[in-house]
Amino acid sequence: MGEELQSERLCGTVEDIKFRNAQNGYTVLEIGCDDELVTAVGTFADISVGESVKLSGMWTFHPTFGRQFKVEAFEREMPATVEQLYNYLSAGAVKGIGPVTAEKIVEKFGEKTFDVLENEPERLAAAIKGISLEKAQKIQQNFKKQFAVRNVMLALETYGMTPQECIAAFDAFGSNAVDRVQQNPFSLCENDIGIGFERAEVIADALPVPPDRTYRIRAGILHILRRNLYQNGHTCIPHERLGSIAADYLEIERDAAEEQIEMLLQSGALVEKEIDGRVFVFLERAYRDEKSISDRIKVLLRFPPPQSMTLDRDIEAIEQADGITYAETQREAIKTAIDRGVLILTGGPGTGKTTTLNGILRLFERQGLDIALAAPTGRAAKRMTELTGREAKTIHRLLEVEWDDHEQPVFKRNLRNPLDCEALILDELSMVDISVFASLLQALPFGCRLIMVGDSDQLPPVGAGNVLADLIGSGLLPVVQLDEVFRQAMGSLIVTNAHRIVRGEMPILTSKEGDFFLLERPNAPAAAKTVAELYAKRLPDAYGYSPANDIQVLCPSKKGEVGTVHLNRMLQERINPPSDQKAEMTVGFRTFRTGDKVMQTKNNYDLIWEKDGGETGEGVFNGDIGVIEKIDLRTQTARIRFDDRTALYAREQLTEVELAYAVTVHKSQGSEFPAVIMPVVAVLQNLCYRNLLYTAVTRAKQLMILVGTPQQIEAMVANDKKTRRYSALRTFLTQTDGNVPHFSG
C-alpha cells in the first residue's frame, strides 16, 4: 500500500484571485507566503485580496499550470498592516466599499479601520464624504456578517453545501440555519435565497436523516410555478397542467401532487381562480401583482381629470408655433391624454409617436402640471430624454429604489409615500413586467395622469406577464394606435420592412440601395466572418461609423458560431488586438483590454460613478454599455466609461462585465444604434420567431444589415407564437363593477 499523504498548512496573504466560479465557489488564488507566490485552489467563501489566511491541504501538480496547493480547509485572519487593509477593502471584501472609498477610509483611520467598521459607523459617516449614517450602518452589518457566518458554514459544508450556499442560508435563517436545513433542506428554495430545487435535492440526499417527503413535493410544485414565472413569463398555469407536470417531474402519483397543491392553496402560498371556465393556479406574489394592477387602473379611470374647455384652440396654437399639422390619430391621442388622463399610445417606427408625445407634453406644460418621465432601463430613459428635451428617469430611480439583503427591490415611493408628479409619461411599456408595473401604479398619487407608450409587436418583457398586450386587449383603457407611416419615413426600408415583418410578410431583401440589406451567407462560419468584416472594416470605411459608438451586432443567442460569445472573441481580435501599448486583464475565461467595448450584466447598486463635471452617484445597471478607458495592473482595477460617467471596477467586480461588440436582441431592448448587424442563420428553434426579428430591426436608426439566408428570415417571420403567455391581467381588468367605461379602440 502506498504511503498516506499528510495534510500540510500554509500561512500567507491573498495577493490575487485568478479565477472564481460564482456558482460553486471554486477559486484559484495567489498566496504570498514569505517571499514566495503560491497558487492555491479550492472552495472559498467570498475571499478577497488582502486577507490573511491559514490553509490546510496538500501539494498537487497540474499538467498545465504546474505546482498547486489543493486547499481542504482554511481560516481567515484580519489584515494587519495598512497596506493589507487597503487591499482587502478595495477588492470588494465588504459590500458597499469599493476602491475609491477604501482609500479614503484607510487614509482617515489607518490601523483603526476595522474597529471603526465594526463598532463606530457614526465616525465613518461623519468622516467620509458620500457615506450616510444609514449606509455606514449597512457596511457595519456586512462586516460583522462575514465572521458570524463561520460557524454555520462549518456545519453546513459537511452536507456538500458551497460557501455561497452557506452564506445564503445564514442570510435567510441566521444562527438557526443548521437546524432549518437539517429538518427541511427544501426551505432553501424559499425566500429568494437563490438555491434551486434541484440543488436542494442534492443537499437533502446528503443529510443523515431524510426529510419528510411532503417538503419535497411542495417545493417541487413551487419550483415549477417559479420557473414558468421567471423563465417563461407565465403568471399562472392551468390547474390540470400543473398537477400532471408535477407528477411527471417529481415521479410521484398524481393524487400525491394534487394533495400538496391543495395544501399550498390552503396555506396561501398559491392562489386559484377560474378564468373563462378554466381553473388557473398562481404564485401568491404574481396574483397579487396582477390584481393590484387591475385595481389601480380602475381607480385611475374612475376619477378622470377636469375637461379642458380650450383644448382644440390649444392644439392649434401649438401647431402654429411649431409649424406642424397633427394627423387625425395624433390629434385624437393628444385630446385623449388631456381629457381622459389615461392613454396607451402605440405604433411602429415612423408613425409619429415622438411628435405626438411632445404635443402631449406641451399641453401638460400649458396646464402647469408637474410632469415626470420614466422608462424601464437606463438606455431607454436616456433616449427618452434626447427625444423630449426633458429629463427621464428609470422606473427604479423614479421610485427611489433600495435593495434588501437578497437584492430584491424595496421602493421608497409607494402607496403611503406617493410620487410628487401630476402627470407621468412611461415609455417602452412592452419591457415592463407585472412586478415593476404594480409598484409604479401603487406610487401614483390620486388624480395623476398616466400616459403609456409602447410597441406591442416587440418582444415581451424579460420578466413575468404581458402588461402592454393585456392592457390593450382588455378594451378597458383608451388606446390610440398610430398606423400611418409619415412621408419622411416612407423612404426608409428599415421602417417599411419593420411593418412588413409585423404583418407576417417577408421584408424586401433585393434593394441594392437604401438602409436595409441582406448579405446572403449559407452557413454560420461564413456569416460570422462577414459580420466581423462589416463591423471592423467595411462599415467604418464606407460610412465613417465608429465600431465602438455607432455599430452594434445583435444576435438571437449567446451560443454557436454566430452567438455573442464567439463573435465577441472574433471582434475583439479585429478591433482591439493584444498590444504592448494596451494593458489587459484576464478574469475567469474573459480577457479585457484597454479600449474594449463592454456591457454590465447585472445590477450593481454599490458601484460609485463620477460624471465629467464632478457629480457622483451610485449604481451601474444590467445592459449599460461602456468602454474600458484604463486598466491599472498595479491596483488591479479598470476604469469604464458609460456615456458621460466613469466607474472604477476592482478585478472581482469585472465578473459582472462582458464584451459587448455583440449582444443579444433581448439585451438591446430600449436602445437604438445608428447601424445594426444581425446574423440570421442557424437560429435556435426556440428563438426563431417574428417579434425577435422585428425588435432587432427597430433598433437600427440609419442602417440594418442581415447576414444569412432568406429561408431563415422567412421562418422567423412566419412564427408568431412567442408572445403567447398565460396571464390573468386582461381578465381582471374586464371584471368591471359597472362604473368603468370600456373603450373599443
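In summary, the aspartates and glutamates within cross-link reach of Lys108, defined as a Cα separation below 19 angstrom excluding same-chain residues under 8 places away, comprise Glu83, Glu118, Glu120, Glu122. Rounding to the nearest 10 and keeping the result within 0 to 90°, find how far the Cα-based axis of helix 284-302 lies from the longest principal axis of the chain. With both axes taken from Cα atoms, the answer is about 30 degrees.
Principal axis extents of the Cα atoms in segment 523-666, from largest to smallest and rounded to whole angstrom, are 46, 29, 27.
Amide H contacts under 5 Å for Cys555: Val663, Thr664, Val665, restricted to partners 5 or more places along the chain or on a different chain, H placed in the peptide plane at 1.01 Å from N. Across segment 611-696, the convex hull enclosing all Cα atoms gives 143 Å³ per residue. Remark: the Glu520-Asn119 segment gains 137.7 nm on full extension, using 0.36 nm per residue and subtracting the alpha carbon distance.
Rg of the Cα atoms in the chain, relative to 2.2 N^0.38 Å, amounts to 1.04.
Computed from Cα positions, the angle between helix 493-502 and the longest principal axis of the chain comes to roughly 90 degrees. Ranked from largest, the principal axis spans of the Cα set of segment 461-517 equal 44, 26, 17 Å. All C-alpha pair distances within segment 305-438, sorted into 5 Å bins from zero, spread as 2, 9, 18, 21, 20, 14, 8, 5, 2, 1, 0 percent across the bins.
State in Å² the accessible area per residue of segment 156-248; use a 1.4 Å probe, count heavy atoms of protein chains only, and round to the nearest integer. Display every interim value, and only then the final one.
On the way: 3940 Å² over 93 residues.
Spelled out: the 1.4 Å probe surface of segment 156-248, per residue, equals 42 Å².
Expressed as a whole percent, the accessible area of the chain that falls on carbon and sulfur atoms is 47 (1.4 Å probe).
For segment 326-470, the per residue solvent-accessible surface stands at 35 Å², with DNA, RNA and ligands left out and a 1.4 Å probe. Run through every distinct alpha carbon pair of segment 169-241 and return the Kirkwood hydrodynamic radius in angstroms, one decimal place. By the Kirkwood definition, the hydrodynamic radius is 13.0 Å.
Between 0 and 90 degrees, the angle of helix 213-230 with respect to the longest Cα principal axis of the chain falls at about 50 degrees. Across q = 0.13, 0.19 Å⁻¹, segment 338-413 modelled as identical point scatterers on its alpha-carbon atoms has Debye log10 I(q)/I(0) values of -0.50, -0.93, in the order of the q list.
In angstrom, the C-alpha Rg and Dmax of segment 99-254 are 21.2, 65. By the helix-only formula, in which each DSSP H run with n ≥ 4 contributes -39500 (n - 2.57) and the sum is divided by residues, the chain has a 222 nm mean residue ellipticity of -11500 deg cm²/dmol. P(r) for segment 421-552: what percent of alpha-carbon pairs falls in each 5 Å bin, starting at zero? Going from the shortest bin to the longest, the percentages are 2, 8, 12, 14, 15, 13, 13, 11, 7, 4, 2, 0.
The values are calculated or read from the model by the stated rules, or taken from the named source; none is laboratory data. On a predicted model such as this, the values are computed, not experimentally measured, just so you know. For the accessible areas, the whole protein counts, side chains as well, though only heavy atoms, and no ligand, DNA or RNA atoms are used. Shrake-Rupley method; radii C 1.70, N 1.55, O 1.52, S 1.80 Å.
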